[in-house]
Ligand SMILES: Nc1ncnc2c1ncn2[C@@H]1O[C@H](COP(=O)(O)OP(=O)(O)O)[C@@H](O)[C@H]1O
Ligand SMILES: [Mg+2]
């Protein structure tokens with residue numbers, strides 16, 4: 001089979017070769033394929049176990065992701081009608097609200113590895129060098145089912161009007177975008193940015209799904225508190241819950257988690273000597289102080 005793929009590539013039959021290779025990897029599912037060393041330095045490979053249900057997502061985002069997963073899973077049905085599944089996703093939203101987690105969960109749901117692009121390793125001081133590395137990375141990525149993850153994409157693809165930006169950088173970004181366009185649909189490209197306004201239209205237009213992950217609302221905080229009560233086997237008083245909600249308002253999902261983990265640590269170490277309400281009240285007090293010294297956009 002590998003020989004046939006090589007032969008088809010030699011004949012420049014890339015579409016056929018991609019399909020065959022995809023088939024190979026589909027059958028090899030469950031067997032952990034590892035990135036070869038020359039590509040391994042350019043991407044970081046992870047095998048997420050997380051699923052969509054582990055995240056709190058806006059209904060519209062969950063719906064869009066469910067559609068994407070169905071298209072990817074039922075690709076044969078689509079192809080029978082000359083259609084391809086969608087596979088280019090742009091995630092935006094402030095830090096700590098699930099961009100990386102969602103990319104991982106999509107990989108987890110598809111049971112494919114997530115390849116996180118390492119810009120430090122890909123971008124060299126010379127254009128030729130960078131172009132060669134990009135080519136190496138994409139040549140590999142197109143051969144396998146995976147989620148290719150570009151984090152903080154704005155640092156690369158930001159508005160290209162800046163005079164001081166060298167022509168080289170522009171060319172790298174263009175080449176990157178062309179490469180993304182050329183990827184077969186079994187390679188799901190997910191890019192994340194905290195600053196979607198910095199991306200020019202040429203960039204975001206390419207992404208078939210553009211999903212925003214907002215910070216939690218009161219209802220989400222309640223859900224985390226309910227889960228906390230259940231996991232710890234405790235009951236938190238109404239007034240304490242209220243002050244927890246108020247101190248966490250405007251913070252990210254990741255900070256809610258951090259807050260409750262802090263509480264959990266105190267709970268464990270107190271060994272029952274302190275009530276959960278006392279512990280949470282002390283946490284709230286500490287977070288208020290913390291809020292006074294750290295600005296909201298400290299990340
Ligand atoms: N929407 C969410 N639902 C549940 N947990 C979340 C959510 N967003 C973030 N978290 C928690 O916060 C942590 C950090 O989030 P992360 O995905 O790294 O955010 P981002 O990539 O947007 O900065 C996650 O590992 C997860 O535990
Ligand atoms: Mg992230």
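Points worth noting:
- Cβ separations smaller than 6 Å between residues 6+ apart or across chains give the following pairs from segment 47-58 residues that are part of a loop (DSSP other than H, G, I, E, B) to residues that are away from ligand 2 (no atom under 16 Å from the Cβ): 47/113; 51/109; 56/220.
- Filtered residues of segment 51-94 (kept if closer than 16 Å to residue 190 by Cα and within 16 Å of ligand 2 (Cβ to nearest atom)): 61, 89, 90, 91, 92, 93
- Being within 16 Å of ligand 1 (Cβ to nearest atom), within 30 Å of residue 5 (Cα to Cα) and either assigned by TED's automatic domain parsing to the domain that holds residue 204 or surrounded by 13 or more Cβ atoms within 10 Å (Cβ to Cβ) (or both) holds for only one residue in 122, 77, 117, and it is 117.
The values are calculated or read from the model by the stated rules, or taken from the named source; none is laboratory data. As the structure is a computational prediction, the values presented were derived from the model and not from experiment. As a convention, Cβ positions derive from the backbone with ideal geometry for all residues, glycine included, and neighbour counts pool all protein chains shown.
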